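Here's the structure we're looking at; comments come further down.
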Amino acid sequence: MMILLDRVTKIYGKDNPAALNRVSLHIEPKEFVIIVGTSGAGKSTLLKLLTREEKPTNGKIVVGGIDYDTLKDKNIPLLRRKIGVVFQDFKLLPQRTVFENVAFALEIAGMSNSEIKHTVPKVIELVGLKGKEKQFPNSLSGGERQRVAIARAVVRQPKILIADEPTGNLDPKHSWDIVRLLEKINRYGTTVLLTTHNQDIVNKLKRRVITIDEGKIIADIAQGNYRQGEA
């Protein structure tokens, strides 16, 4: 799904500076894009606009041919099925097993039990957690918990995966495991948007990097040309 923003501005409250200021952006289907910027730069606002948690003050957003100007509230859940989101703090259900956490996303979507039994094991295997289906989140490492969160986000086969600081709570080894998993999901055809403060990941991945500062895109650099200090 293509992502298009045309001069998008978002202001929270009339006396505040713009959280996003006339941002224009074009992301092709199946791209892997890293979004960087300091806290408060506007990254979270951008993501909330894409998932329609927030509406822009001005400008146009089109995702996968869906014009957000004409998007009715009743169709927002349908949009969100096409966009998976992974957070820094996992947001797993502690009383549910690995299998049940992943299945929960399908239950909400109204899938039958037979479909769930067929689909969930494949996704658990994809994220490298085969054999851990019956474990609860508190018995897993941080990296494993993030894998469960990713499985839950991709089980409905979204066209876009937003990974918002997914390695923020992880050590370097587990961070790279998660990044490699995101690359694997991208190879299957899912557009991936990754926000990160981890300069090592940014430098080594050699992907397109978009830098946001004070609500504006100040750099948009294609694969392999990113240099330390440009964030």
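In contact (Cβ under 8 Å) with a residue 60 or more places away in the chain, assigned to a helix (DSSP H, G or I) and either in contact with a Ser or Thr (Cβ under 8 Å, 6 or more places away or on another chain) or surrounded by fewer than 17 Cβ atoms within 10 Å (Cβ to Cβ) (or both), is that true of L78?
Spelling it out, it is not the case that L78 is in contact (Cβ under 8 Å) with a residue 60 or more places away in the chain, assigned to a helix (DSSP H, G or I) and either in contact with a Ser or Thr (Cβ under 8 Å, 6 or more places away or on another chain) or surrounded by fewer than 17 Cβ atoms within 10 Å (Cβ to Cβ) (or both).
For the condition basic (K, R), closer than 22 Å to L194 by Cβ and surrounded by fewer than 16 Cβ atoms within 10 Å (Cβ to Cβ), what is the one hit in K159, K173?
Unique residue meeting the criteria: K173.
List every residue pair whose Cβ atoms sit under 7 Å apart, with the two residues 6 or more apart in sequence or on different chains, where the first one lies in segment 35-51 and is farther than 21 Å from L79 by Cβ and the second, anywhere, is assigned to a helix (DSSP H, G or I) and charged (D, E, K, R).
Within 7 Å, the pairs are G37/K43.
Taking segment 94-118 as the region of interest, how many residues are surrounded by fewer than 12 Cβ atoms within 10 Å (Cβ to Cβ), of a type in the set (A, V, I, L, M, F, W, C) and within 21 Å of L140 (Cβ to Cβ)?
0
Would you check if there is a residue in segment 94-106 being in contact with a helix residue (DSSP H, G or I) (Cβ under 8 Å, 6 or more places away or on another chain), at pLDDT 95 or above and β-branched (V, I, T)?
There is at least one residue in segment 94-106 that is in contact with a helix residue (DSSP H, G or I) (Cβ under 8 Å, 6 or more places away or on another chain), at pLDDT 95 or above and β-branched (V, I, T).
All but one of (1) in contact (Cβ under 8 Å) with a residue 24 or more places away in the chain; (2) under 30 Å from K206 (Cα atoms) hold for K122, so report the exception by its number.
K122 satisfies every listed condition except (1).
Quick one: how many residues across segment 145-191 are of a type in the set (G, A, S) and either free of Cβ contacts under 8 Å to residues at least 24 places away in the same chain or farther than 19 Å from M1 by Cβ (or both)?
4
Hey, among V120, V98, V85, which residue is of a type outside the set (D, E) and in contact with a strand residue (DSSP E or B) (Cβ under 8 Å, 6 or more places away or on another chain)? It would help to see each step written out before you state the result.
Working: V120 fails: in contact with a strand residue (DSSP E or B) (Cβ under 8 Å, 6 or more places away or on another chain); V98 fails: in contact with a strand residue (DSSP E or B) (Cβ under 8 Å, 6 or more places away or on another chain).
Answer to the check: V85.
Determine which member of the set L93, L49 is in a helix (DSSP H, G or I) and either farther than 21 Å from L161 by Cα or under 20 Å from the mean Cα position of the chain (by Cα) (or both).
L49
When you scan segment 140-231 for helices (runs of 4 or more DSSP H) that lie fully inside it, which ones turn up with 2 or more residues that are β-branched (V, I, T) and in contact with a helix residue (DSSP H, G or I) (Cβ under 8 Å, 6 or more places away or on another chain)? Please lay out each step first, then the result.
Working: elements: 142-154, 172-187, 199-205.
Output list reads 142-154, 172-187.
For P137, work out the one condition from (1) under 22 Å from Y188 (Cβ atoms); (2) in contact with a helix residue (DSSP H, G or I) (Cβ under 7 Å, 6 or more places away or on another chain); (3) modelled with pLDDT of 95 or more; (4) of a type outside the set (K, R) it doesn't fulfil.
All conditions are met except number (1).
The values are calculated or read from the model by the stated rules, or taken from the named source; none is laboratory data. Nothing here was measured: the structure is a model prediction, and the numbers come from that model. Cβ coordinates were reconstructed from backbone atoms using ideal geometry, including for glycine residues, and neighbour counts include every protein chain displayed.
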